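Please treat every number below as a calculation from the coordinates, not as lab data. The shown structure was predicted, so the numbers you read here are calculated from the model rather than taken from an experiment. Don't worry about glycine lacking a Cβ; one is built from the backbone with ideal geometry, like all the others, and counts go over all protein chains shown.
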Amino acid sequence: MEIDSRIRDSFGRQTMMQTLGATLDSVESGRVVIVAPILPTVLQQQGAGHAGLAFSIGDSAAGYAALTVMEEGVEVMTVEMKINLMAPALGERLRAEGRVIRAGRRIVVVAADVWAETGETRKHVAMLQGTMIPV
């Protein structure tokens with residue numbers, strides 16, 4: 001199965017991403033972009049997008065980036081993930097750009113940058129780094 005179809009099929013089964021209104025924006029080997037609207041249901045107490053939204057789409061973008069470099073029939077799970085929150089997530093949507101840093105046989109080191117966007121304006125709001133494992 002082609003990488004794009006494989007990732008999109010798997011993403012379509014993620015009910016968490018459906019709950020968040022997230023969509024798969026782009027897929028290429030070692031890179032995946034996920035976009036989610038900052039809905040009234042995902043705000044923290046000060047009106048910014050909750051860190052949980054940034055983490056969820058960042059983790060998924062990084063995980064799917066890892067899956068693009070794995071053989072067919074393999075799935076991926078997060079072993080660990082760290083997030084640095086750098087600015088409030090204010091805007092219309094969040095864009096998580098996941099990428100593979102190093103793909104090994106047993107683990108894949110990944111990262112993701114999360115941007116808050118309004119129109120064509122964007123602000124870097126979070127960075128994630130973690131480890132994925134094939135299952």
Notebook entry, point to check: Taking the Cα atoms only, what angle lies between the long axis of helix 3-12 and the longest principal axis of the chain, rounded to 10 degrees?
Noted result: 50
Checklist line | Check: segment 3-134 dipole with +1 on Lys, Arg Cβ and -1 on Asp, Glu Cβ, in debye | finding: 260
Check: Which angle from 0 to 90°, rounded to the nearest 10, does the C-alpha axis of helix 51-67 make with the longest principal axis of the chain?
Finding: 20
Check: What is the packing order of peptides 69-80, 85-96, taking the mean over residues of other C-beta atoms within 10 Å and listing the highest first?
Finding: 85-96, 69-80
Note to self: With only alpha-carbon atoms in the gyration tensor, what are the semi-axes of the equivalent ellipsoid for segment 94-135, in Å, largest first?
What the structure shows: 27, 8, 7
Notebook entry, point to check: Whole-Hz Karplus ³J(HN,Hα) for segment 104-110, in order, using 6.51 cos²θ - 1.76 cosθ + 1.60 and θ = phi - 60°, x for Gly and Pro?
Noted result: x, 6, 9, 9, 10, 8, 10
Notebook entry, point to check: Can you give me the Cα centroid spacing of segment 1-48 and segment 75-124 in angstrom?
Noted result: 11
Next item on the list: For the chain, go through all pairs of different Cα atoms, get the mean of 1/r, take its inverse, and jot down that Kirkwood value in Å.
Entry: 14.6
